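K.L.:
Please see the structure below; I have some questions.
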Amino acid sequence: ASYLTRAPEAEGVAAVMACVGFGAAAGSLRVLSYAQEAETERGDPIPAAKLALLWGSWAVLSFMLSAPTVLYVVSTSLPEDNTWHLGPVALGLFQHAAAPALYFTSKQLLP
């Protein structure tokens with residue numbers, strides 16, 4: 001992205017954080033896979049409805065916890081003439097909507 005060319009260290013930090021995030025996601029998928037294999041080895045397979053509920057819950061929870069942070073970062077780091085065609089009104093809305101969500105998540109949901 002063009003706005004990262006002025007701060008090469010920010011690009012490196014963003015790359016490292018992306019790798020950490022993808023690593024955590026891969027690790028959690030591995031744990032879920034091992035849990036399913038352990039259930040299958042005992043002869044008690046996980047029902048498809050329970051497995052779908054588990055994956056759906058994981059996806060919803062991951063989205064709920066990461067969406068406010070992503071919105072806030074996007075709203076504070078994108079310039080007004082960005083390639084995503086998000087104007088200053090949309091960026092301001094993202095920034096002001098994400099702050100209460102981040103507060104709620106960090107102080108109430110996950111104290």
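The values are calculated or read from the model by the stated rules, or taken from the named source; none is laboratory data. All values derive from a computational prediction rather than experimental measurement. All Cβ positions, even for glycine, are placed from backbone atoms using ideal geometry, and neighbour counts span all protein chains on display. Calculation scope for accessible area: heavy atoms of the full protein, side chains included, ligands and nucleic acids excluded. Shrake-Rupley method; radii C 1.70, N 1.55, O 1.52, S 1.80 Å.
K.L.:
Determine the calculated [θ] at 222 nm for the chain from helices alone, applying -39500 (n - 2.57) to every DSSP H run no shorter than 4 residues and normalising by the residue count; nearest 500 deg cm²/dmol.
P.N.:
-26000 deg cm²/dmol
K.L.:
Pop a pseudo-label 7 angstrom from the Cα along the beta-carbon direction at both Tyr103 and Val89 and give the gap in nm to one decimal.
P.N.:
About 2.5 nm separates the two model spin labels.
K.L.:
Given 4 °C and 1.567 mPa s, how large is the Stokes-Einstein diffusion coefficient of the chain in µm²/s, with Rh as the Kirkwood radius over Cα pairs?
P.N.:
Rounded, D is 76 µm²/s.
K.L.:
Rounded to the nearest 0.05, what FRET efficiency do Ala52 and Phe22 have when you use their Cβ-Cβ distance and R0 = 25 Å?
P.N.:
Given R0 = 25 Å and the Cβ-Cβ separation, E is 0.60.
K.L.:
Between Met64 and Thr76, what is the spin-label point distance in nm, taking each point 7 Å from the Cα along the Cα→C-beta axis?
P.N.:
Using points 7 Å along Cα→Cβ, the separation is 2.4 nm.
K.L.:
Could you order Thr105, Thr83, Thr76 so the one with the most accessible surface comes first? Probe is 1.4 Å.
P.N.:
So, going from the largest accessible area down, we get Thr83, Thr76, Thr105.
K.L.:
In degrees, nearest 10, range 0 to 90: what is the angle between the Cα axis of helix 88-104 and the longest Cα principal axis of the chain?
P.N.:
Here the helix axis deviates by roughly 50 degrees.
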